[in-house]
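The values are calculated or read from the model by the stated rules, or taken from the named source; none is laboratory data. Computed from a prediction, not measured in an experiment: that's the story for all the values here. When we count neighbours, we look across all protein chains shown, and the Cβ atoms used for this are built from the backbone with ideal geometry, even at glycine.
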Protein chains: 2
Amino acid sequence: MGKNGLKVFAPASVANIAVGYDILGFAVNDIGDEVIVREGSEPGLKIRSIHNYPSLPKDIRKNTAGFAALKLLESLGMENEAIEIDLIKNMGIGTGLGSSAASAVAGVFAVNEFIGRPYKKRELLRFATLGEQIADGSFHADNVAPSLLGGIVLIRDNATLDVVKLPAPLGLKCVLIYPLVEILTEEARALLSKSITLEQHIQQSGNLAAFVAALYKSDFELLSRSLNDCIIEPQRSKLIPHFDEVKSLAMENEALGYSISGAGPSMFALCSNSHIAENVAESIRRFYQDKKIECNYYISDINLDGAVRY
Amino acid sequence: MGKNGLKVFAPASVANIAVGYDILGFAVNDIGDEVIVREGSEPGLKIRSIHNYPSLPKDIRKNTAGFAALKLLESLGMENEAIEIDLIKNMGIGTGLGSSAASAVAGVFAVNEFIGRPYKKRELLRFATLGEQIADGSFHADNVAPSLLGGIVLIRDNATLDVVKLPAPLGLKCVLIYPLVEILTEEARALLSKSITLEQHIQQSGNLAAFVAALYKSDFELLSRSLNDCIIEPQRSKLIPHFDEVKSLAMENEALGYSISGAGPSMFALCSNSHIAENVAESIRRFYQDKKIECNYYISDINLDGAVRY
């Protein structure tokens, strides 16, 4: 890594979690982006390389990792410091697993460490969200906050970044399923109706409040009854091949719940143990294999640490 | 009370709690309805008297207390038992404090005790909600559940009566304010727009989830930031004279939050201690006095017991 260099990791994340559109997300283990940061050869922040996705922009104002780090440096009047970063993309783009958010978090977290940690972790949220905004167009933290902080995170208010870490019940397992089809976040957003009925709001609210209560109570049965999205999933699931069938498979195999991760096409199941998680994942993989659709899966605990320095 | 008679109390309640339209409610102390039950002189359930509101129907099929108790007796094939009840209404009707729900709960709770408690308390919820439906027209439990069970109650789903008792933080005080103006629940319901924007839903959801988290964390600051209704209050507050001014007074006096109780015109404040509760109540009483509007107030803890037998 060269003189005084350091390396960080920021995890992938599942936004929305069925009942918390734009306000809930959780982080997963192992999958995520990395950033290496070191002293640069000339003034200013530079992206030296992007591994695995060389076509992504290296212009720091157009790259979520670069822009998040730049905003941090500007806030300290340090934008002319000679700093170089390498961005290592370990996850697909446009999969609905918070790829751009993980890069933004890794970028700002790495640079904050490199310059002596002037900000506490939680204070990096604003910079990371500004970075994420480059990819997404809107200022919201439902991927950035869990990737930075770890755990299951509630964003009470995106504008003020008022976030609350919710408890992750012991033993809760997550299955990520990603069929290899592409969905653009903008397309998935454009699909959504701008209004909902008061009845839908009441139903979703009851489930959301019960989901939060279930996390505090470690009540898996309540969690399962609450994981029921009557607003977003019925609209977005049309973009995912065979969504209803694979969801049924997951529920038959005793998943607590199954829905779309972020804007999709990735999906997630929450499960009460590893054995169930394996059954859910395998049944869906075989189903997609029969349909000649390539599909990866990954089983993880809820990641409790968020961004870390190696 | 005569031979084998018994008397019960069911408390008033505050439905909606700003961010949980149709899904949240809490019970208060001391204010509520009472039912005396005893052996009747002829077969069948009869309402012998209604104290304080003699104009309410004594027909058990048209009275929330009578109908709730009748549904319980029918479920056991006991509708021809000779049972008489007196209903003692200790609270105004149409105030938004769950008067009809308290009667329904008191009626069914009293009769269940009288016949030897064949049902557990929680099992009475369905009968009480059927009773409440007579007054309200719709099957929902946001007043009935807290009046029966006590505490702060979440109704995840009204249709299946899937309810969750949420923790009531120690020290939390409630102020009830009821200006003497009448609002009909049907009128207040008819006022509401049948649809909302997705943006409103996101904002309200963030606050609702944070409200639930704040109860579990006993975090009064988070509770205060979350008590912010962007959907129902702006529509219904028009029916309450000077709502915006008295809400401002409450917040200036350090209430954690201030909103409409049920369909109004009663309002409630949540406060972090008795001293603040007194200041909030007195400031609003004086304000309404200056405007020549009569107004009662009442300060209470969250009632943790719900319906009780004396």
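In table form, for the structure just shown:
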| read-out | value |
| --- | --- |
| Any chance B:Asp219 is within 14 Å of chain A (Cβ to nearest Cβ), of a type in the set (Asp, Glu) and crowded, with 21+ Cβ neighbours inside 10 Å | no |
| The stretch A:205-216 - residue that is within 7 Å of chain B (Cβ to nearest Cβ) and in contact (Cβ under 8 Å) with a residue 60 or more places away in the chain and, of those, surrounded by the fewest Cβ atoms within 10 Å (Cβ to Cβ) | A:Asn207 |
| Evaluation of A:Gly5 against (1) touching a Ser or Thr at 6+ places or on another chain (Cβ under 9 Å); (2) at pLDDT below 95 (one fails), failing number | (1) |
| Answer from B:Ala102, B:Ala145, B:Ala110 - the residue that is within 19 Å of B:Leu24 (Cβ to Cβ), modelled with pLDDT of 95 or more and more than 13 Å from every other protein chain (Cβ to nearest Cβ) | B:Ala102 |
| Flag if A:Glu245 is acidic (Asp, Glu), assigned to a helix (DSSP H, G or I), over 25 Å from A:Thr95 (Cα atoms) and not assigned by TED's automatic domain parsing to the domain that holds A:Leu97 | no |
| Residue match in the stretch B:76-86 (condition: within 27 Å of B:Leu239 (Cβ to Cβ) and not small (Gly, Ala, Ser)) | no |
| Residue match in the stretch A:56-64 (condition: under 19 Å from A:Leu149 (Cβ atoms) and in contact with a Ser or Thr (Cβ under 8 Å, 6 or more places away or on another chain)) | yes |
| Lone qualifier among B:Leu76, B:Leu45, B:Leu72 - being in contact with a strand residue (DSSP E or B) (Cβ under 7 Å, 6 or more places away or on another chain) and either more than 30 Å from B:Gln204 (Cβ to Cβ) or aliphatic (A, V, I, L, M) (or both) | B:Leu45 |
| Given (1) surrounded by fewer than 20 Cβ atoms within 10 Å (Cβ to Cβ); (2) within 8 Å of another protein chain (Cβ to nearest Cβ), index of the condition B:Ile231 fails | (1) |
| Given (1) farther than 22 Å from B:Cys230 by Cβ; (2) touching a residue at least 24 places away in the same chain (Cβ under 8 Å), index of the condition B:Ser261 fails | (1) |
| Counted residues, the stretch B:210-263 - those being touching a Lys or Arg at 6+ places or on another chain (Cβ under 7 Å) and closer than 27 Å to B:Pro167 by Cβ | 6 |
| Output for the stretch A:238-269, where each listed residue is β-branched (Val, Ile, Thr) and within 21 Å of the chain's Cα centre (by Cα) | A:Ile240, A:Ile260 |
| Tally, over the stretch B:165-201, of residues that are assigned to a strand (DSSP E or B), within 14 Å of another protein chain (Cβ to nearest Cβ) and either in contact (Cβ under 8 Å) with a residue 24 or more places away in the chain or buried (at least 23 other Cβ atoms within 10 Å of the Cβ) (or both) | 2 |
